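Everything on this sheet refers to the single structure shown next.
What follows draws every value from the coordinates through simple rules; no lab data is involved. Since this is a predicted model, take the numbers as computed values, not measurements. We place every Cβ from the backbone using ideal geometry, glycine too, and count neighbours over all the protein chains shown.
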Amino acid sequence: MNRLFAVLILLLMLFSPTFAVAQSTAPYCSTLLSQTFPRLQDETPQNLCQYQGKVILIVNTASYCGFTSQYEGLEKIYSKYRDRGFVVLGFPSNDFGSQEPGSNKEIADFCKNTYDVKFPMFTKSSVSGEKINPLFKMLASKTGITPKWNFYKYLIDRQGNVNSSFNSLTKPTSDSITKSIEKLLQEKSSPQ
């Protein structure tokens, strides 16, 4: 019995450090991505940590804006780069010109039926002003810039840091955006 007890103690001593190391290598999630938002289609909560390690383009969107056709370009770059670790995250907002007046279901239907949007979209929220959602509040804090209109874009690296931002006039398929995406896709992901 004493011998069995000694073997158990020895095994615990041998494997405890390994177990501790395994626990300490839990997936890293940046502060920026450590947030949860409801998915547009069904309002199921989605933790943004699922996108850690990817290059991310975060965009505030609207269905009735002069820039709404940028959905096509966003879907195009999402389709082109998603297999390499890229994702577009869309956040509908009615903050500018009341150009997103519909319900979440109406927005989801519009995105699917008009532009066949497949990239992740989240429920309507504010991206500026007093009721700014926490993600855009953090983006504004890190860049010093809040969106001035619909289809403002923030590019996030694989570590979950803001790399750059692009105004509404910059098309998703522009050289400035695609070259930045390609450069970030070449970088390896590593926790900070």
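The set of residues from the range 35-67 being of a type in the set (S, T, N, Q), touching a strand residue (DSSP E or B) at 6+ places or on another chain (Cβ under 8 Å) and more than 12 Å from residue 122 (Cβ to Cβ) comprises just one member, 63. Within the range 118-130, can one find any residue that is of a type in the set (Lys, Arg) and closer than 14 Å to residue 60 by Cβ? So far as the range 118-130 goes, yes, one or more of its residues are of a type in the set (Lys, Arg) and closer than 14 Å to residue 60 by Cβ. Across the range 140-158, the number of residues qualifying as surrounded by fewer than 19 Cβ atoms within 10 Å (Cβ to Cβ) and not hydrophobic (A, V, I, L, M, F, W, C) comes to 6.
For the range 86-143, filtered to residues that are touching a helix residue (DSSP H, G or I) at 6+ places or on another chain (Cβ under 9 Å) and aliphatic (A, V, I, L, M), the residue that is farthest from residue 182 (Cα to Cα) is 132.
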